[in-house]
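**Student:** First the structure, which I've put down as structure tokens, then a few questions once you've had a look.
The values are calculated or read from the model by the stated rules, or taken from the named source; none is laboratory data. Model, not experiment: these values are computed from the prediction. As a convention, Cβ positions derive from the backbone with ideal geometry for all residues, glycine included, and neighbour counts pool all protein chains shown. Areas reflect the complete protein model, heavy atoms only, side chains present, ligands, DNA and RNA absent. Shrake-Rupley method; radii C 1.70, N 1.55, O 1.52, S 1.80 Å.
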Amino acid sequence: MIMKIKLFVQWFAEWFVFITTGILIICTVNYTFFSKTEMIPKATLSYILFSAFLTALITTIFSLTEPVKKSSRIICLILHIACLEATMTGCGIWFGWIDFVLLDMIQMCVSVACVYLFVFVIYYIQDKHHAERMNRCLERRYQQTQSLTDQLDN
């Protein structure tokens, strides 16, 4: 149980940092190109952290579920995306980032998709680097074991 809690906290922290960075990038792009105001309101920073907290929590929970069947994975992915989109659209309306208008909600969904594309690319690169490092360590360990076995055989 303690290992699951530790894993949850570790994954949550990683997702929170990645998602917050992605949201900041999207907010910067949106305020730079689509906003009529010169500055981001101070409250927006708190809203970004709160929405990142919620979506990191959702993502961590879905990341810890391990569906057995391929069809279950697809259903989990669809549910994950739907939860993220609903959460961020709700936050967007609540925080005043968007109006309860179809076009604004579609723009929010596209923004969420861009954030998660960014997040998953970064996560993939990090995971790939970690796997390569583990493989190098395992290869060295295997070579050392093989060398000892060869010495004992002689």
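**Student:** Can you give me the number of residues within segment 79-109 that are loosely packed, with under 12 Cβ neighbours inside 10 Å and over 15 Å from Ile58 (Cβ atoms)?
**Tutor:** 6
**Student:** Next question, about the same structure. In this structure, is Ala43 within 19 Å of the chain's Cα centre (by Cα), exposed (fewer than 14 other Cβ atoms within 10 Å of the Cβ) and among the small types (Gly, Ala, Ser)?
**Tutor:** When the stated conditions are applied, Ala43 does not pass them.
**Student:** Of the numbered conditions (1) without any contact (Cβ under 8 Å) to a residue 12 or more places away in the chain; (2) over 20 Å from Gln10 (Cα atoms); (3) surrounded by 13 or more Cβ atoms within 10 Å (Cβ to Cβ), Ile48 satisfies every one except a single condition; which is it?
**Tutor:** Exception for Ile48: condition (1).
**Student:** Next question. Where in segment 1-99 are the helices (runs of 4 or more DSSP H), entirely inside, with at least 3 residues that are modelled with pLDDT of 90 or more and hydroxyl-bearing (Ser, Thr, Tyr)?
**Tutor:** In segment 1-99, the matching helices (runs of 4 or more DSSP H) lie at 42-64.
**Student:** So if I check each of Glu132, Glu139, which one is part of a helix (DSSP H, G or I) and either touching a residue at least 24 places away in the same chain (Cβ under 8 Å) or open to solvent by less than 100 Å² (accessible area, probe 1.4 Å) (or both)?
**Tutor:** Glu132
**Student:** Sticking with this one: Taking only segment 51-64 into account, find how many residues are free of Cβ contacts under 8 Å to residues at least 24 places away in the same chain and out of contact with any helix residue (DSSP H, G or I) (no Cβ under 6 Å at 6 or more places or on another chain).
**Tutor:** The qualifying residues number 1.
**Student:** Another question about this same structure. Please verify whether Leu103 is assigned to a helix (DSSP H, G or I) and either under 24 Å from Phe16 (Cα atoms) or in contact (Cβ under 8 Å) with a residue 12 or more places away in the chain (or both), treating the condition exactly as stated.
**Tutor:** Here the answer is no, as Leu103 does not meet what is asked.
**Student:** A further question follows. Do you know which residues across segment 11-35 are crowded, with 16+ Cβ neighbours inside 10 Å and of a type in the set (Phe, Trp, Tyr)?
**Tutor:** Trp11, Phe12, Trp15, Phe16, Phe18, Tyr31
**Student:** Please go through segment 108-129 and pick out each residue that is over 12 Å from Ile25 (Cα atoms) and touching a residue at least 40 places away in the same chain (Cβ under 8 Å).
**Tutor:** Ile122, Tyr123
**Student:** Looking at (1) touching a Leu at 6+ places or on another chain (Cβ under 7 Å); (2) surrounded by 17 or more Cβ atoms within 10 Å (Cβ to Cβ), which one does Phe8 not meet, given that it meets all the others?
**Tutor:** Phe8 satisfies every listed condition except (2).
**Student:** Only one residue in Ala113, Ala56 is over 25 Å from Leu7 (Cβ atoms) and of a type in the set (A, V, I, L, M). Which one?
**Tutor:** Among Ala113, Ala56, only Ala113 is over 25 Å from Leu7 (Cβ atoms) and of a type in the set (A, V, I, L, M).
**Student:** Further question: Name the residues in segment 102-135 that are over 17 Å from Cys91 (Cβ atoms) and among the β-branched types (Val, Ile, Thr), would you?
**Tutor:** Correct list: Val121, Ile122, Ile125.
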